[in-house]
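What follows is a single structure, written as structure tokens, with notes after it.
The values are calculated or read from the model by the stated rules, or taken from the named source; none is laboratory data. Because the structure is predicted, anything quoted here is derived from the model rather than measured. Every residue, glycine as well, gets a Cβ built from its backbone with ideal geometry; the counts of neighbours run over all protein chains shown. Please note that ligands, DNA and RNA were not included when accessible areas were found on the heavy atoms of the full protein model with its side chains. Shrake-Rupley method; radii C 1.70, N 1.55, O 1.52, S 1.80 Å.
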Amino acid sequence: MTTMTRPATLPPGPSAPRAVQGVYALTQPLRGMRRLKEHYGDAFTVDVPIFGNAVVLSNPAEIKQLFTSGPELVDNLEVNLGRVLGPRSLFALSGDEHKRQRKLLVPPFHGRRLAAYEQIVEEETVRELASWPDGKAFATLPSMMRITLNAILRAVFGAEGAEFAELRALLPPFVTLGSRLAVLPITKKGRFNPWRRFERMRREYDAIVDRLIAKARPDGDDVLAMMLQTRYDDGSGLTRDEIADQLLTLLTAGHETTATTLAWAVERLRRHPAILRELTESEELLAATILEVQRSRPVIDLTARQVKQDGFQLGRWTLPKGYNVLVSIALIHDDDAVFPRAATFDPHRFAGARPDLYQWIPFGGGTRRCLGAAFATMELTVVLRTLLRDFTLVPTTEPGERWHSRGVAYAPAKGGRAVVRRRTGGEQ
């Protein structure tokens, strides 16, 4: 007996060769997506390096269906961030193995344990903000990078002393190189190849993690200590390779992206003085403001799945096995039908309301939603609350900063420039 397979029904898209589409995607990433949506509608087909044949979605119902489909229908891409984060990273795992390891890593990022990290984040924020110049314009992104890196090294890696100093020096260039290699179609062949440098840095990283594992305290509150104590259902623990890859995954997912969102928050608030005034008078709007910054300036634009079953019916489309499905976060966040007056920065749209996690998706969605979303939200809240408590953020009438691609993340082109005044005692 033979199984009938539905013929593929794909959305329209450009017919240019893959190389041409690839150049367009690299040089016009966000603007190009918007133009393609204007021309073809809320779903279109592309053929680009790394992703190959792919359908791009921005329809809320189809996105929800994609995120709620089981791993037997759609799952991890064959080419994914595991290339740079390691084969035991959550980004590299699929199916039951992904579910099994994710279940093990969820507890450290919720409830009481998460609250315990707030003091670390505030300490790092106060330490960094002490160096901010009074009344002089400067880019905030480097500061935000240092805050989030230091916080993760302490709270997640449990690093201190020599290991803390070595990771602070190693990880920024390591992560920057990795994020670029993740989006560029560069093979690992050839003698003079950026992958060689990346692999050398990875070996340095692994050696430091080995020392951290040897020094870890059984009663420690950091995530590494908890990783060493946690057990699978069969009683076995995480291997050294699993721990090293997951620590790097957590760092990558929660360091640059969170720092970039903080820089965007500064950039947005300086251009909306009424919101800024309201925030300094009341903290009730802070959570809504963070949600709106992430909606209007998502630092990651794509979350992806690969079709695992031939003839997969996704909304209006029938997709062949092996096709990739890319969800454009910026396109759905910019959709007036989903978020009325989407071009307007308005935190009040989220006041007293929880966002729909199939429409507001800066952390991705479904079983592959960012594991560190709660940790990142805590960091964003603590850093902004501390900043607004200790400084007056001076508004500006300058045009908004352009989007700038840093490889994986989109940052404000001028680094989220700010002018601040340090608050004196009792000043509101």
Area of Ile213 that stays accessible when all protein chains are in place (1.4 Å probe, Å², to 10): 40
Under 5 Å between amide hydrogens, which residues at least 5 positions from Ser328 or on another chain qualify, with H placed 1.01 Å from N in the peptide plane? Leu57
Other residues with Cβ under 9 Å from the Cβ of Trp403 give, with Lys and Arg +1 and Asp and Glu -1, a net charge of +2
Using a 1.4 Å probe and counting only protein heavy atoms, arrange Arg197, Arg368, Arg354, Arg277 so the residue with the most accessible area comes first. Arg354, Arg277, Arg197, Arg368
Could you report the accessible area of Met33 in Å², rounded to 10, computed with a 1.4 Å probe on the protein chains as they sit in the structure? 30
Work out how much length Lys321 to Trp132 would gain on full extension: take 0.36 nm times their residue separation and subtract the Cα-Cα distance, in nm to one decimal. 62.7 nm
Could you report the chain's accessible area per residue, 1.4 Å probe, as an integer in Å²? 46
Taking a probe of 1.4 angstrom, what is the accessible area of Asp334 in Å², to the nearest 10? 60
With a 1.4 Å probe and all protein chains kept in place, how do Ser405, Ser143 rank by accessible area, largest first? Ser405, Ser143
How big is the gap, in Å, between the Cα center of the range 23-63 and the Cα center of the range 262-326? 16
For percent of Cα pairs over 30 Å apart, which listed value, (i) 37; (ii) 45; (iii) 50, comes from the coordinates shown? (ii)
From Cα pairs below 8 angstrom and at least 6 apart in sequence, can you work out the relative contact order of the chain, rounded to a whole percent? 25
Counting only protein chains, not ligands or nucleic acids, how are His333, His272, His39 ordered by accessible area (probe 1.4 Å), most first? His39, His272, His333
Sticking with the crude label model, points 7 Å out along Cα→Cβ, report the distance from Arg31 to Arg113 in nm, one decimal please. 4.5
